[in-house]
Amino acid sequence: MAETPLNHSNYGYIESNAYANDHMHDKSKKTFQYPVVRKFLEAEAPGKKVLDIACGPGYWCREAAECGAKSVDGFDIQEEMVQLARQATSQYSSVKISVGDVKNMPYDDNTFDVAISLYATCNTPMKTMTRHFEELCRVLVPGGKALVLNLSGPVFEKVFTLNNIDEAVVRKKIEELLQKHSDLTSVSEMNKAFQGLEEVVTACFARDDKGSLFLINDIHQLTNGQEIWGKTQFMIFPNYFYSDKYLMDETLASGLCVDAVENTFTEDRRMAYNLANPNAQLSKTFTEHPPILLYYLSKPTVSQ
(Lines give C-alpha, C1' and ligand atoms only; values in the text may rest on other atoms or scores of the structure.)
Protein backbone atom coordinates (compact mmCIF):
# COMPACT_ATOMS: atom_id res chain seq x y z
CA MET A 1 0.00 0.00 0.00
CA ALA A 2 1.13 3.57 -0.69
CA GLU A 3 2.76 5.55 2.07
CA THR A 4 0.31 7.18 4.46
CA PRO A 5 0.98 10.85 5.23
CA LEU A 6 0.79 11.95 8.85
CA ASN A 7 1.02 8.49 10.40
CA HIS A 8 -0.52 9.69 13.65
CA SER A 9 -3.61 10.77 11.68
CA ASN A 10 -4.22 7.26 10.44
CA TYR A 11 -7.63 7.24 12.06
CA GLY A 12 -9.24 4.10 13.37
CA TYR A 13 -12.94 3.48 12.90
CA ILE A 14 -13.96 5.47 16.01
CA GLU A 15 -11.85 8.46 14.96
CA SER A 16 -13.18 8.27 11.40
CA ASN A 17 -16.75 8.36 12.69
CA ALA A 18 -15.88 11.39 14.81
CA TYR A 19 -14.38 13.07 11.76
CA ALA A 20 -17.46 12.29 9.69
CA ASN A 21 -19.80 13.72 12.33
CA ASP A 22 -17.69 16.80 13.06
CA HIS A 23 -16.32 17.82 9.71
CA MET A 24 -17.56 20.92 7.89
CA HIS A 25 -18.79 19.17 4.74
CA ASP A 26 -21.10 16.88 6.69
CA LYS A 27 -24.57 15.68 5.71
CA SER A 28 -26.40 18.44 7.61
CA LYS A 29 -26.46 20.55 4.42
CA LYS A 30 -26.17 23.60 6.69
CA THR A 31 -22.60 24.54 5.88
CA PHE A 32 -21.00 27.33 3.90
CA GLN A 33 -19.51 24.95 1.39
CA TYR A 34 -22.58 22.82 0.74
CA PRO A 35 -24.55 25.13 -1.58
CA VAL A 36 -21.43 26.05 -3.57
CA VAL A 37 -20.17 22.50 -4.09
CA ARG A 38 -23.69 21.24 -4.74
CA LYS A 39 -24.20 23.96 -7.37
CA PHE A 40 -20.96 22.90 -9.06
CA LEU A 41 -22.06 19.26 -9.14
CA GLU A 42 -25.54 20.12 -10.39
CA ALA A 43 -23.97 22.02 -13.27
CA GLU A 44 -21.11 19.67 -14.14
CA ALA A 45 -21.96 16.14 -12.96
CA PRO A 46 -25.09 15.07 -14.90
CA GLY A 47 -24.19 12.30 -17.35
CA LYS A 48 -20.48 12.66 -16.55
CA LYS A 49 -17.77 10.53 -14.95
CA VAL A 50 -16.95 12.12 -11.59
CA LEU A 51 -13.96 11.60 -9.27
CA ASP A 52 -13.90 12.50 -5.57
CA ILE A 53 -10.26 12.76 -4.44
CA ALA A 54 -9.67 11.85 -0.77
CA CYS A 55 -13.39 11.27 -0.44
CA GLY A 56 -13.43 10.76 3.33
CA PRO A 57 -16.76 9.37 4.54
CA GLY A 58 -18.30 9.65 1.09
CA TYR A 59 -20.82 12.46 1.45
CA TRP A 60 -19.85 14.15 -1.80
CA CYS A 61 -19.80 10.87 -3.71
CA ARG A 62 -23.41 10.49 -2.72
CA GLU A 63 -24.19 14.08 -3.70
CA ALA A 64 -22.58 13.58 -7.13
CA ALA A 65 -24.70 10.47 -7.68
CA GLU A 66 -27.84 12.38 -6.66
CA CYS A 67 -26.90 15.08 -9.17
CA GLY A 68 -27.10 12.53 -11.98
CA ALA A 69 -23.48 11.56 -12.57
CA LYS A 70 -23.00 8.67 -14.99
CA SER A 71 -20.46 7.18 -12.59
CA VAL A 72 -18.72 8.30 -9.40
CA ASP A 73 -15.35 7.06 -8.21
CA GLY A 74 -14.07 8.03 -4.79
CA PHE A 75 -10.87 7.05 -3.04
CA ASP A 76 -9.20 7.68 0.28
CA ILE A 77 -5.95 6.53 1.85
CA GLN A 78 -7.67 5.69 5.14
CA GLU A 79 -9.26 2.24 5.00
CA GLU A 80 -11.67 3.20 7.79
CA MET A 81 -12.85 6.18 5.74
CA VAL A 82 -13.36 3.90 2.76
CA GLN A 83 -15.59 1.66 4.90
CA LEU A 84 -17.71 4.66 5.92
CA ALA A 85 -17.89 5.91 2.32
CA ARG A 86 -19.04 2.52 1.09
CA GLN A 87 -21.77 2.49 3.74
CA ALA A 88 -22.86 6.03 2.86
CA THR A 89 -23.13 5.23 -0.87
CA SER A 90 -24.31 1.60 -0.74
CA GLN A 91 -27.66 2.44 -2.36
CA TYR A 92 -26.01 3.95 -5.45
CA SER A 93 -24.88 1.42 -8.05
CA SER A 94 -23.04 4.17 -9.94
CA VAL A 95 -20.60 4.79 -7.04
CA LYS A 96 -17.35 2.90 -6.53
CA ILE A 97 -15.13 3.55 -3.49
CA SER A 98 -11.48 2.44 -3.36
CA VAL A 99 -8.37 2.75 -1.24
CA GLY A 100 -5.92 5.04 -3.01
CA ASP A 101 -3.28 7.74 -2.71
CA VAL A 102 -3.30 11.23 -4.20
CA LYS A 103 0.23 10.84 -5.51
CA ASN A 104 -0.60 7.71 -7.50
CA MET A 105 -4.29 7.76 -8.35
CA PRO A 106 -5.52 4.29 -9.38
CA TYR A 107 -7.04 5.41 -12.69
CA ASP A 108 -6.02 5.64 -16.36
CA ASP A 109 -5.16 8.89 -18.11
CA ASN A 110 -8.07 11.02 -19.35
CA THR A 111 -10.71 9.08 -17.41
CA PHE A 112 -12.88 11.68 -15.66
CA ASP A 113 -14.95 14.60 -16.89
CA VAL A 114 -15.24 16.15 -13.44
CA ALA A 115 -13.23 15.97 -10.22
CA ILE A 116 -13.53 17.41 -6.74
CA SER A 117 -10.79 17.62 -4.13
CA LEU A 118 -12.10 18.92 -0.82
CA TYR A 119 -9.68 19.27 2.10
CA ALA A 120 -7.14 17.00 0.42
CA THR A 121 -4.35 19.59 0.19
CA CYS A 122 -4.21 20.26 3.94
CA ASN A 123 -3.68 16.53 4.49
CA THR A 124 -0.97 16.13 1.86
CA PRO A 125 2.76 16.35 2.70
CA MET A 126 4.91 18.67 0.61
CA LYS A 127 6.76 15.83 -1.15
CA THR A 128 3.38 14.65 -2.44
CA MET A 129 1.70 17.99 -3.15
CA THR A 130 3.08 18.42 -6.67
CA ARG A 131 1.93 14.90 -7.55
CA HIS A 132 -1.57 15.65 -6.23
CA PHE A 133 -2.10 18.34 -8.85
CA GLU A 134 -0.22 16.48 -11.58
CA GLU A 135 -2.33 13.39 -11.00
CA LEU A 136 -5.51 15.46 -10.98
CA CYS A 137 -4.51 16.88 -14.36
CA ARG A 138 -3.56 13.43 -15.69
CA VAL A 139 -6.86 11.70 -14.90
CA LEU A 140 -9.08 14.51 -16.21
CA VAL A 141 -10.10 14.46 -19.85
CA PRO A 142 -9.04 17.48 -21.92
CA GLY A 143 -11.55 20.19 -21.11
CA GLY A 144 -12.44 18.45 -17.84
CA LYS A 145 -13.49 20.52 -14.81
CA ALA A 146 -12.33 20.33 -11.19
CA LEU A 147 -13.24 22.02 -7.93
CA VAL A 148 -10.50 22.14 -5.29
CA LEU A 149 -11.09 23.38 -1.75
CA ASN A 150 -8.04 24.80 0.00
CA LEU A 151 -7.67 26.18 3.50
CA SER A 152 -6.72 29.86 3.26
CA GLY A 153 -4.29 31.97 5.29
CA PRO A 154 -6.67 33.33 7.96
CA VAL A 155 -7.72 29.86 9.12
CA PHE A 156 -4.20 29.26 10.43
CA GLU A 157 -3.79 32.49 12.40
CA LYS A 158 -7.28 33.34 13.68
CA VAL A 159 -9.40 31.69 16.36
CA PHE A 160 -12.92 31.28 14.99
CA THR A 161 -15.61 31.08 17.68
CA LEU A 162 -19.34 30.50 18.01
CA ASN A 163 -22.03 32.81 19.36
CA ASN A 164 -19.82 35.93 19.26
CA ILE A 165 -17.62 34.72 22.10
CA ASP A 166 -14.61 37.03 22.37
CA GLU A 167 -11.69 35.60 20.40
CA ALA A 168 -9.20 37.00 22.94
CA VAL A 169 -10.88 35.12 25.79
CA VAL A 170 -10.84 31.82 23.92
CA ARG A 171 -7.28 32.39 22.70
CA LYS A 172 -6.18 32.81 26.33
CA LYS A 173 -7.84 29.51 27.29
CA ILE A 174 -6.11 27.68 24.45
CA GLU A 175 -2.71 29.19 25.27
CA GLU A 176 -3.08 28.13 28.91
CA LEU A 177 -3.91 24.58 27.84
CA LEU A 178 -0.99 24.49 25.43
CA GLN A 179 1.41 25.62 28.15
CA LYS A 180 0.09 22.86 30.39
CA HIS A 181 0.20 20.18 27.67
CA SER A 182 3.02 21.44 25.44
CA ASP A 183 4.64 18.01 25.07
CA LEU A 184 1.63 16.07 23.77
CA THR A 185 2.43 14.01 20.68
CA SER A 186 -0.66 12.01 19.77
CA VAL A 187 -4.01 13.18 18.43
CA SER A 188 -5.90 11.17 21.05
CA GLU A 189 -3.96 12.86 23.88
CA MET A 190 -4.64 16.28 22.37
CA ASN A 191 -8.34 15.58 22.09
CA LYS A 192 -8.53 14.58 25.75
CA ALA A 193 -6.63 17.69 26.83
CA PHE A 194 -8.88 20.02 24.86
CA GLN A 195 -12.26 18.56 25.77
CA GLY A 196 -14.82 21.23 26.63
CA LEU A 197 -13.67 23.97 24.25
CA GLU A 198 -16.73 23.57 22.06
CA GLU A 199 -17.01 27.32 21.46
CA VAL A 200 -14.00 26.97 19.16
CA VAL A 201 -14.86 26.33 15.53
CA THR A 202 -11.28 26.50 14.33
CA ALA A 203 -7.90 27.22 15.91
CA CYS A 204 -4.47 26.02 14.79
CA PHE A 205 -1.27 25.28 16.63
CA ALA A 206 2.20 24.01 15.76
CA ARG A 207 5.54 23.18 17.42
CA ASP A 208 8.38 25.59 17.99
CA ASP A 209 12.08 24.79 17.58
CA LYS A 210 12.10 23.19 21.04
CA GLY A 211 9.18 20.92 20.23
CA SER A 212 6.61 22.76 22.37
CA LEU A 213 3.11 23.41 21.08
CA PHE A 214 2.05 27.02 20.49
CA LEU A 215 -1.06 28.75 19.19
CA ILE A 216 -0.41 30.23 15.74
CA ASN A 217 -1.18 33.95 15.44
CA ASP A 218 0.72 34.81 12.26
CA ILE A 219 1.17 32.62 9.18
CA HIS A 220 4.69 34.02 8.83
CA GLN A 221 5.54 31.77 11.79
CA LEU A 222 5.04 28.81 9.45
CA THR A 223 6.73 27.33 6.41
CA ASN A 224 5.04 25.52 3.54
CA GLY A 225 4.60 21.85 4.34
CA GLN A 226 4.91 22.36 8.10
CA GLU A 227 2.87 20.00 10.22
CA ILE A 228 0.16 21.72 12.26
CA TRP A 229 -2.93 20.72 14.24
CA GLY A 230 -6.40 22.12 13.70
CA LYS A 231 -8.84 22.34 16.60
CA THR A 232 -12.47 22.14 15.46
CA GLN A 233 -15.53 22.16 17.69
CA PHE A 234 -15.30 18.54 18.81
CA MET A 235 -12.00 17.18 17.54
CA ILE A 236 -8.36 17.93 16.72
CA PHE A 237 -6.95 17.00 13.32
CA PRO A 238 -3.33 16.91 12.14
CA ASN A 239 -2.82 18.94 8.98
CA TYR A 240 -0.17 20.65 6.87
CA PHE A 241 0.21 24.38 6.25
CA TYR A 242 0.43 25.81 2.74
CA SER A 243 0.18 29.45 1.72
CA ASP A 244 -2.37 30.54 -0.87
CA LYS A 245 0.47 31.49 -3.24
CA TYR A 246 2.14 28.09 -2.91
CA LEU A 247 -1.07 26.25 -3.76
CA MET A 248 -1.74 28.54 -6.70
CA ASP A 249 1.80 28.02 -8.03
CA GLU A 250 1.52 24.22 -7.68
CA THR A 251 -1.81 24.22 -9.48
CA LEU A 252 -0.52 26.20 -12.45
CA ALA A 253 2.72 24.19 -12.63
CA SER A 254 0.68 20.98 -13.06
CA GLY A 255 -0.77 22.22 -16.33
CA LEU A 256 -4.23 22.97 -14.96
CA CYS A 257 -5.93 26.30 -15.63
CA VAL A 258 -7.37 28.35 -12.76
CA ASP A 259 -10.68 29.65 -14.10
CA ALA A 260 -11.85 31.31 -10.87
CA VAL A 261 -11.23 31.50 -7.12
CA GLU A 262 -14.20 31.92 -4.81
CA ASN A 263 -14.57 32.74 -1.13
CA THR A 264 -17.47 30.69 0.22
CA PHE A 265 -17.80 32.70 3.43
CA THR A 266 -20.00 35.55 2.27
CA GLU A 267 -22.18 37.56 4.63
CA ASP A 268 -25.45 36.28 3.18
CA ARG A 269 -24.29 32.69 3.66
CA ARG A 270 -23.20 33.44 7.23
CA MET A 271 -26.65 34.84 7.98
CA ALA A 272 -28.34 31.85 6.34
CA TYR A 273 -26.16 29.47 8.36
CA ASN A 274 -26.99 31.28 11.61
CA LEU A 275 -30.70 31.17 10.79
CA ALA A 276 -30.45 27.39 10.33
CA ASN A 277 -28.22 26.90 13.40
CA PRO A 278 -29.60 29.09 16.22
CA ASN A 279 -27.40 27.44 18.85
CA ALA A 280 -24.18 27.76 16.86
CA GLN A 281 -23.99 31.32 15.57
CA LEU A 282 -20.94 32.15 13.46
CA SER A 283 -19.31 35.52 14.06
CA LYS A 284 -18.33 38.08 11.41
CA THR A 285 -14.76 36.81 11.72
CA PHE A 286 -15.72 34.19 9.14
CA THR A 287 -16.58 36.78 6.51
CA GLU A 288 -13.93 39.32 7.48
CA HIS A 289 -11.16 36.69 7.41
CA PRO A 290 -12.38 33.91 5.08
CA PRO A 291 -10.71 30.62 6.06
CA ILE A 292 -11.49 28.65 2.88
CA LEU A 293 -11.11 29.27 -0.85
CA LEU A 294 -12.57 27.26 -3.73
CA TYR A 295 -10.50 26.94 -6.91
CA TYR A 296 -12.39 26.27 -10.16
CA LEU A 297 -9.96 24.46 -12.47
CA SER A 298 -9.94 23.02 -15.95
CA LYS A 299 -7.63 20.90 -18.05
CA PRO A 300 -6.68 22.55 -21.34
CA THR A 301 -7.95 20.96 -24.52
CA VAL A 302 -5.42 19.68 -27.06
CA SER A 303 -6.00 22.72 -29.26
CA GLN A 304 -5.09 25.04 -26.38
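The values are calculated or read from the model by the stated rules, or taken from the named source; none is laboratory data. Just so it is clear, the model here is predicted, and its values are computed rather than measured. All Cβ positions, even for glycine, are placed from backbone atoms using ideal geometry, and neighbour counts span all protein chains on display. Accessible surface is based on the protein model in full, side chains and every heavy atom, while ligands, DNA and RNA are left aside. Shrake-Rupley method; radii C 1.70, N 1.55, O 1.52, S 1.80 Å.
Descriptive notes on the structure:
- Close amide H contacts of residue 73 (hydrogens built in the peptide plane, cut-off under 5 Å, sequence separation of 5 or more or a different chain): 50, 51, 52, 96.
- Taking other residues whose beta carbon is less than 10 angstrom from the beta carbon of residue 54, and scoring Lys, Arg as +1 and Asp, Glu as -1, yields -3.
- Added length on full extension, which subtracts the Cα-Cα distance from 0.36 nm per residue, residue 257 to residue 302: 14.9 nm
- Cut-off 16 Å (backbone N to label point 7 Å along Cα→Cβ of residue 43), residues of the stretch 83-127: 114-117
- Fully extended contour minus Cα-Cα distance, from residue 276 to residue 249, at 0.36 nm per residue: 6.0 nm
- Simple label model, 7 Å out from Cα along Cβ direction - residue 188 to residue 207, nm: 1.9
- Of the peptides 99-107, 116-124, the order by per-residue mean of other Cβ atoms within 10 Å, starting with the highest, comes out as 116-124, 99-107.
- Among the trypsin sites (Lys or Arg not before Pro) in the stretch 185-258, those located in a DSSP loop and surrounded by at most 13 other Cβ atoms within 10 Å of their own Cβ are 210.
- For the stretch 85-154, alpha-carbon Rg relative to the globular expectation (2.2 N^0.38 Å, N residues): 1.20
- The stretch 70-150, accessible area per residue, ligands and nucleic acids excluded (1.4 Å, Å²): 37
- With the helix formula -39500 (n - 2.57) applied to DSSP H stretches of n ≥ 4, the chain reaches a computed 222 nm mean residue ellipticity of -10000 deg cm²/dmol.
- Too-long pairs where the Cα-Cα distance tops 22 Å, listed order kept, from 127/231; 172/231; 210/245; 245/299; 39/284; 127/158: 127/231; 210/245; 39/284; 127/158
- Extension gain, residue 267-residue 218: 0.36 nm per intervening residue step, less the Cα-Cα distance, totals 15.2 nm.
- Accessible surface of the stretch 212-303 [probe 1.4 Å, protein heavy atoms]: carbon and sulfur percent: 56
- Assuming charge only on the beta carbon of Lys and Arg (+1) and of Asp and Glu (-1), the dipole of the chain about its Cα centre is about 500 debye to the nearest 20.
- Distance (nanometres) between label positions extended 7 Å along Cα→Cβ at residue 104 and residue 284: 5.1
- Cα gyration tensor, the stretch 44-134 - rounded (a/c under 1.5), prolate or oblate: oblate
- Accessible surface of the stretch 78-133, 1.4 Å probe: 42 percent of it comes from carbon and sulfur atoms.
- Annotation: amide H-H contacts under 5 Å for residue 226 (H modelled 1.01 Å from N, sequence separation of 5 or more, or interchain): 241.
- Accessible carbon and sulfur surface of the stretch 136-194 relative to its total accessible area, %, 1.4 Å: 51
- Per residue solvent-accessible surface (Å²) - the stretch 181-292, probe of 1.4 Å: 47
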